[in-house]
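Just so it is clear, none of the values below were taken in a lab; they were calculated from the coordinates. For clarity, every value in this text was computed on a predicted model and none was experimentally measured. All Cβ positions, even for glycine, are placed from backbone atoms using ideal geometry, and neighbour counts span all protein chains on display.
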Amino acid sequence: MIQIKCPKCRKRVFDIGGVVQKVPVIVELKCPHCRNIVRIVCNGQ
C-alpha cells in the first residue's frame with residue numbers, strides 16, 4: 001500500500017495499492033484536512 005498525501009497540506013488523504021498500469025489514474029478530491037480540492041496523479045511508480 002502507498003500512502004498518498006495532499007499536495008497542499010502534506011497530510012495523508014488516502015492509501016492506494018495494486019496500481020500497475022501504463023496510463024496514470026488522476027484523482028480529484030476534497031482534502032479532509034485543508035478542505036481544498038486537489039488533483040493527484042497515481043502512476044504506479
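Tabulated data for the structure shown
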| read-out | value |
| --- | --- |
| Isotropically averaged projected area of the chain, using the convex hull of Cα atoms (one quarter of hull area), nm² | 2.9 nm² |
| Karplus (6.51, -1.76, 1.60) ³J(HN,Hα), θ = phi - 60°, over the stretch 29-36, in Hz, Gly and Pro reported as x | 8, 9, 5, x, 8, 9, 6, 8 |
| Residues in the stretch 25-45 reached by a label modelled at residue 12 [backbone nitrogen below 15 Å; 7 Å Cα→Cβ] | 32-33 |
| Unpartnered cysteines - no second Cys beta carbon under 4.7 Å - across the chain | 42 |
| Under 14 Å, Cβ to Cβ, from residue 37 - net charge with Lys/Arg +1 and Asp/Glu -1 | +3 |
| Ranked packing of 28-38, 4-14, most packed first, by mean Cβ within 10 Å | 4-14, 28-38 |
